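Each remark here refers to the structure printed beneath this line.
We did not get these values from a lab; they are worked out from the coordinates using the rules stated. Values in this document were obtained by computation on a predicted structure and should not be read as measured data. Positions of Cβ are backbone-derived with ideal geometry, glycine not excepted, and every protein chain shown enters the neighbour counts.
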Amino acid sequence: MKESIFKVQEIGSLRKPEWLIKTLRNPNISQETKKAARDDLAYINVKRMEEAGLDIVYDGEARRTEMYEYAVRNISGFKLTGWIRSWDNKYYRKARVIDKVGYIKPYYLDEYKSVTEIAKKEVKIPITGPYTLADWSYNEYYPKREDLIFDLAKEVINPMLKELVSAGAKIIQLDEPAATTHPNESKLFVEAFNQSVKGVKAKTTVHICYSGDNYTTLFPDILEMKCTQFALEFANRDTSKLGVNRESRQGYSALEAFKEYNDPREIGLGVSDVHVDLIESPEIIRDRILYAEKILGDPTRIYVNPDCGLRTRSRNIAFAKLSRISQGRDLAKKEINQQ
Amino acid sequence: MMFGSYIGGIYPRSERLIDATRKNSPNLKSLFVEEKKKIISLQVKAGLSYISDPLIDWDDMLRPFLRLEGFEQGSLNRIFEKNTFYRTPVAAGKIRGGGKLALTSLSTRLLPKSKPWKADLPDPYTVVALSKNLYYKNRKDFVIDVAKALAREARTLENKGVKLIQVNGPSLCYVRGKEDLGLAKEALKILTKGLNVKFYLHLYFGNPKPVLSDILDFHIHGIGLDSLAVDGLKGFKMGDKGLALGCVDAGNTRIDRPDQIVSEAKKICSVLEPRELYLCPNYDLEYIPHLYARRKIIKLGEALNILRDE
């Protein structure tokens, strides 16, 4: 029996419920009460993820405003400006870089410690990586873009990761959704990642999503990354047909590159599209996992997750999707164990 | 040399409007109108030569055209090198129709009578390059059908009084091969045929150098180029084509100085020798916050005034 295969994990953020938003926006409520409300949500998120059958959990980023804004608010040199569209009516706040960036405090440390007190399952902390922080900002200070990226990697992210490891962090995921934005910068992205994790004694993973080119421009540079796992988005571009064949599993063609380059690392397999309300059937999730196993040949390398954080979906849908992922994983595991 | 100025593409929404769209406020429609009025008025006050509907109700540059018969809405995909995403058009059948889609965002009642109007359309080749094809056996038929549908849009825009159409063709920067360039050229010919409107084909989000000599031969009045991407264009002459120079950076909040915009424009014109010149943002202003877009339009107007004074 291969019990430890296809571990289910989350990628990052979950939507904040209305009660928390109202609490946070109410000027008559004290900061202590607001913090307690965020802590309550973190507790609920961790427990609901565990109930949904996840093997690796975090708190749905309950204590963060948003993956980018929370980080730049806590790094010197940034100044927040206005809102920019991500897609449709989804927006995020961008910041200007108006001075040399610098580390102020380990801004993920308290939340990490708190999650470890709550969680019964393994904990993986998601952290916004240097390349994405730089790419999503307006650089008005650094004459060269790479200087901003490396300052963030060396001066901010690396010392913070080391503090997290000192506090007991075992799995750290660097979120780099911007990694494929500039096809000619894959070397720079990889170097920045490697600088960030230099001397960090923990399992480091990277999350990349919404590549316009099916991750092709990251190869072969991505093979030089000092990480254990690539957690990637696939389901968004896949078909809804059942099957463990190339035609049905069009969204997973990028896996072939990992096979072609004989890269032995783990894949965090995106099996649920976070931009639709459709709650995928356990059977389609099973087939996506089994197809990945067929390509990669080793089930122990495959972790299972949504394509990205589920904050774009309602909480009910998000947790239903996570439950279905676990159910699909169970089906896939059964198939593998019967072989 | 004749010169002027215009803006194109999608303008950023104000924080008030963003908030209202998030909450799906009951007065959303009137807020859109109110905001469009302000942005149109800003263009008039800045002295721009052509006035555009700011397209703040477009979700992305292709979305309105997904309503053409044959297209379905596909997955989210990155807009070139931006952290903004579009819905991939999926050709699930023969592309037909067209003629009323762009019009839904041409607020004729809000645009001034005293100034000529400008509108935006996507370049047919770019639409196909950014689409997923599940229907056509060969890409040429796909491009031609899209071009025919967009030509109906262009005709309607002309009938409504539009004098300049900005054709957005970022994918053309990435075309390699004479056959595809020929196809893009044919599509533009279909789009522009028989119309008495100025067509400016805007190339951005990529290096135009490898394709520029071919595109100079396209059936269009002028070409839009990003001033940040024109290094190495020595040796090119615009000939009978005008230049829409993207000299205001829509990718950074740093505010461009009008005198620098002018001196950069002069430098580039001395090399490319266009027939006419328009000062423009390098692409849609929606990639910077509303407040900065507003400042940039004001600076664009100031740059235009310097040119006029000279």
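Tell me, Kirkwood radius of region B:2-309 from alpha-carbon pair distances, in Å? Each step should come with its number before you reach the end.
Numbers: mean 1/r = 0.0513 Å⁻¹.
One decimal place: 19.5 Å for the Kirkwood radius.
What per residue convex hull volume, in Å³, comes out for region A:158-205 when only alpha-carbon positions are used? Please report the intermediate quantities before stating the final value.
Values: hull volume 3.1 nm³, N = 48.
Cα convex hull per residue, to the nearest whole number: 64 Å³.
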Whole-Å distance linking the alpha carbon centroid of region A:144-181 with that of region B:252-310 is 37
Per the charge dipole of the protein assembly as shown (beta-carbon charges, Lys/Arg positive, Asp/Glu negative, Cα centre), the residue among A:ILE125, B:GLY93, A:GLY297 reaching farthest to the positive end is B:GLY93
For chain A, the convex hull over Cα atoms projects on average to an area in nm² of 16.5
Rounded to the nearest 500, the 222 nm mean residue ellipticity computed for chain B from DSSP H runs (n ≥ 4, each -39500 (n - 2.57)) alone is -11500 deg cm²/dmol
Rounded to two decimals, the Rg over Rh value of region A:1-130 from Cα coordinates and the Kirkwood Rh reads 1.01
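What does the structure give for B:14-22 when I average, per residue, the other chain Cβ atoms found within 10 Å of the residue Cβ?
3
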Computed over region B:155-296, the distribution of all Cα-Cα distances in 5 Å bins, rounded to whole %, is 2, 10, 19, 21, 20, 15, 9, 4, 0
Taking Cα atoms only, Rg over Rh for region B:117-186 with Rh from the Kirkwood formula is 1.00
Shape descriptor, region B:21-178: equivalent ellipsoid semi-axes (Cα gyration tensor, sqrt 5λ, whole Å, largest first) stand at 29, 19, 15
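Please compute the contact order of chain B in relative form: average sequence separation of alpha-carbon pairs under 8 Å and at least six residues apart, divided by the residue count, as a percent.
Contact order relative to length: 20 percent.
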Listed by chain and number, the lysines with an alpha carbon less than 20 angstrom from that of A:LYS294, same-chain partners under 8 positions apart left out, are A:LYS2, A:LYS7, A:LYS241, A:LYS259, A:LYS333, A:LYS334
Long-range amide H partners of A:HIS207, meaning residues 5 or more apart or on another chain whose placed amide H is closer than 5 Å, are A:LEU174, A:ASP175, A:GLU176, A:ALA231
Residue-ordered couplings for region A:329-335, obtained by feeding phi - 60° into the Karplus form 6.51 cos²θ - 1.76 cosθ + 1.60 and rounding to whole Hz (Gly and Pro as x), are 4, 4, 5, 5, 4, 4, 4
Counting Lys and Arg as +1 and Asp and Glu as -1 over every other residue whose Cβ sits under 14 Å from the Cβ of A:TYR91, the net charge comes to +2
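May I ask you to list the GluC sites (Glu not before Pro) in region A:1-65 that are in a DSSP loop and have at most 13 other Cβ atoms within 10 Å of their Cβ?
Working: sites: A:GLU3, A:GLU10, A:GLU18, A:GLU32, A:GLU50, A:GLU51, A:GLU61; in loops: A:GLU3, A:GLU10, A:GLU61.
Listed in order of number, the matching sites are A:GLU3.
For region A:53-97, compute Rh as the Kirkwood radius over C-alpha pairs and then the Stokes-Einstein diffusion coefficient at 10 °C and 1.306 mPa s; write the answer in µm²/s, rounded to an integer. Kindly include the intermediate steps, with their values, before the conclusion.
On the way: Rh = 12.2 Å.
Diffusion coefficient, whole number: 130 µm²/s.
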The farthest towards the positive end of the charge dipole of region B:2-309, of the residues B:GLY222, B:LEU62, B:SER41, given +1 on Cβ of Lys and Arg and -1 on Cβ of Asp and Glu, is B:SER41
Mean projected area, convex hull of alpha-carbon positions in region B:233-303, reported to one decimal in nm², is 4.6
Excluding residues fewer than 8 positions from A:LYS34 in its own chain, the lysines with Cα under 28 Å of it are A:LYS16, A:LYS22, A:LYS47, A:LYS79, A:LYS90, A:LYS94, A:LYS105, A:LYS113, A:LYS120, A:LYS121, A:LYS124, B:LYS23
Using eta = 0.692 mPa s and T = 37 °C, Stokes-Einstein with Kirkwood Rh from Cα pairs puts D for region B:95-226, in µm² s⁻¹, at 218
Quick numbers on the protein assembly as shown, Rg and Dmax over C-alpha atoms in Å, give 25.5, 82
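For B:73-80, what's the mean count of beta carbons from other chains sitting within 10 Å of each residue's beta carbon? Spell out each step's value before the answer.
Values: counts 0, 2, 10, 13, 7, 10, 4, 4.
Counting other chains' Cβ atoms within 10 Å and averaging over B:73-80 gives 6.
Let me spell out the model: positive unit charges on the Cβ of Lys and Arg, negative unit charges on the Cβ of Asp and Glu, origin at the Cα centre of region B:2-309. What dipole size does that give, in debye rounded to 20?
Here region B:2-309 has a charge dipole of around 640 debye.
May I ask you to derive the relative contact order of chain A, considering only C-alpha pairs under 8 Å and at least 6 residues apart, and to give it as an integer percent?
Values: 659 pairs, mean separation 65.6, N = 339.
About 19 percent, as a whole number.
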